[in-house]
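To start, the structure under review is shown below, and the notes come after it.
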Amino acid sequence: DLYQNGTYNKWIEKVLTHPNEIRQIYKEVSGSEKPDDWYPLQVICEKCGKVGTTKVTGIKGDKVTYKCMPDMVSWAQGCGHEGEINPYDGRSKLPWKVEWAVKWSGLPVTIEGSGKDHNAAGGSHDISVRICKEILEMPVPYNIPYEFFLTGGAKMSSSKGEGATAKAIGELLPPEILRFLMIQKHPKRPIEFNPEGSTVPVLFDQHDKASEQYFASEPEIPDHGRLFHYSQISDAKPVKHYLPRFTRVIFFLQMPHMDAEKEIAEIKGSKLTVEDKEEVAMRIKYGKKWLDSYAPEDFVF
Ligand SMILES: [Zn+2]
């Protein structure tokens with residue numbers, strides 16, 4: 001991976017030499033206070049192989065000193081080993097907010113005056129943004145495809161031949177789902193999004209699975225959880241709620257005399273919360289749009 005093949009080495013070095021600034025960014029953005037001796041890096045313990053239990057205690061030339069802590073985290077016990085290790089070439093792991101900034105920096109893209117501050121779209125990833133800009137001194141690439149997309153610069157394929165306009169796609173998908181789609185794409189490649197077939201329901205399903213990963217206490221695919229995290233438009237921390245499957249909403253929408261909200265509450269098996277209801281309303285709204293535009297015949301009856 002990008003740790004092992006050395007791609008991240010130069011960024012790890014940058015991060016390691018700016019622990020105070022990174023602590024400050026965490027504090028200013030989210031109010032989270034890291035201890036004064038905190039380093040934004042964890043190394044793989046040479047004795048027990050764990051990474052989540054280690055604490056870097058200092059820098060020594062091209063090595064770091066560390067301790068494998070028996071009681072630092074509740075979900076794993078470190079072996080107590082103390083040592084020093086060269087943290088490069090896959091022997092360490094960055095905290096994920098830092099890693100995200102590093103991922104951006106690894107993308108072969110530069111931005112000159114992208115104009116709009118990406119913050120307009122939401123602030124949940126501000127820590128990564130600031131680390132990217134201020135510590136790694138790299139541009140934040142991901143608002144590029146998003147804007148590119150929204151301003152109609154992207155080529156989109158459509159089997160109808162006329163091509164779906166970016167505006168049409170923007171209207172077809174809720175902002176979170178659109179962003180979920182965008183951040184998976186490489187910033188420099190044209191965005192191929194064919195809204196026909198089962199693309200839209202599949203995208204909703206992927207989003208919902210990513211949401212499960214985000215809220216899981218031990219996610220199986222943490223990257224998917226992060227995708228969900230970075231898809232958020234609102235600054236507020238996402239609230240776990242019931243996500244009715246898009247295809248089900250579509251089904252209920254087409255059944256005469258059926259109240260989609262009521263049916264979904266029945267599937268959920270309990271009363272819908274305020275957030276659940278908002279979600280249902282949103283999916284009904286976009287479900288109708290989809291049925292009126294790109295839904296293939298096997299979904300329409
Ligand atoms: Zn250990």
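The values are calculated or read from the model by the stated rules, or taken from the named source; none is laboratory data. Note that the structure is predicted; figures quoted are calculated from it, not measured. Cβ: placed from backbone, ideal geometry, glycine included. Neighbour counts: every protein chain shown. Areas reflect the complete protein model, heavy atoms only, side chains present, ligands, DNA and RNA absent. Shrake-Rupley method; radii C 1.70, N 1.55, O 1.52, S 1.80 Å.
The residue that is least open to solvent (accessible area, probe 1.4 Å), among those in the range 254-272 that are among the aliphatic types (A, V, I, L, M) and at pLDDT below 90, is Ala260. Taken over the range 280-301, the residue count meeting the criterion of being of a type in the set (Val, Ile, Thr) and open to solvent by 50 Å² or more (accessible area, probe 1.4 Å) is 1. Look at the range 24-50: where a residue is free of Cβ contacts under 8 Å to residues at least 40 places away in the same chain and a partner is away from the ligand (no atom under 16 Å from the Cβ) and open to solvent by less than 50 Å² (accessible area, probe 1.4 Å), sitting 6+ places away or on another chain with Cβ atoms under 7 Å, you get Ser32/Tyr26; Lys34/Arg23; Lys34/Tyr26; Trp38/Pro19; Trp38/Arg23; Tyr39/Leu16; Tyr39/Pro19.
Filtered by the rule that a residue be at pLDDT below 85 and open to solvent by less than 10 Å² (accessible area, probe 1.4 Å), the range 194-222 gives a lone residue, Pro195. Among all positions in the range 222-230, there is no residue which is in contact (Cβ under 8 Å) with a residue 12 or more places away in the chain, charged (D, E, K, R) and farther than 17 Å from Phe180 by Cβ.
Any idea which of Phe246, Phe228 is touching a Pro at 6+ places or on another chain (Cβ under 6 Å), of a type in the set (Phe, Trp, Tyr), closer than 30 Å to Glu266 by Cα and modelled with pLDDT of 85 or more? Phe246 is the lone residue from the list that is touching a Pro at 6+ places or on another chain (Cβ under 6 Å), of a type in the set (Phe, Trp, Tyr), closer than 30 Å to Glu266 by Cα and modelled with pLDDT of 85 or more. Taken as a whole, the structure leaves Lys277 outside the set of residues that are under 18 Å from Glu176 (Cβ atoms), touching a residue at least 40 places away in the same chain (Cβ under 8 Å) and open to solvent by 70 Å² or more (accessible area, probe 1.4 Å). Residues that are within 11 Å of the ligand (Cβ to nearest atom) and of a type in the set (S, T, N, Q) were ranked within the range 43-61; the one that is farthest from Trp75 (Cα to Cα) is Thr54. The residues in the range 124-137 that are open to solvent by 40 Å² or more (accessible area, probe 1.4 Å) and either modelled with pLDDT under 50 or within 12 Å of His18 (Cβ to Cβ) (or both) can be counted, and the count is 3.
Being closer than 20 Å to Tyr3 by Cα and more than 14 Å from the ligand (Cβ to nearest atom) is the filter here; which residues of the range 66-92 pass it? Within the range 66-92, Asn86, Pro87, Tyr88, Asp89, Gly90 meet the criteria.
Residue-by-condition table, conditions (1) open to solvent by 80 Å² or more (accessible area, probe 1.4 Å); (2) over 15 Å from Trp96 (Cβ atoms); (3) in contact with a Phe, Trp or Tyr (Cβ under 7 Å, 6 or more places away or on another chain); (4) not in a helix (DSSP H, G or I):
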residue	(1), (2), (3), (4)
Asn5	yes, yes, no, yes
Trp11	no, no, no, no
Asn20	yes, yes, no, no
Glu28	yes, yes, no, no
Glu46	yes, yes, no, yes
Lys55	no, yes, yes, yes
Thr65	no, yes, no, yes
Pro70	no, yes, no, yes
Trp75	yes, yes, no, yes
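With the requirement that a residue be touching an Asp or Glu at 6+ places or on another chain (Cβ under 9 Å) and open to solvent by 80 Å² or more (accessible area, probe 1.4 Å), what does the range 30-44 give you? Correct list: empty. When you go through Ala236, Ala210 one by one, which is the residue that is small (Gly, Ala, Ser), under 27 Å from Trp104 (Cβ atoms) and in contact with a His (Cβ under 6 Å, 6 or more places away or on another chain)? Unique residue meeting the criteria: Ala210. The condition of being under 24 Å from the mean Cα position of the chain (by Cα), modelled with pLDDT under 50 and not polar (S, T, N, Q) holds for Ala121.
Scanning the range 223-238 finds one or more residues that are open to solvent by 60 Å² or more (accessible area, probe 1.4 Å), farther than 17 Å from Val280 by Cβ, not in a loop (DSSP other than H, G, I, E, B) and not small (Gly, Ala, Ser).
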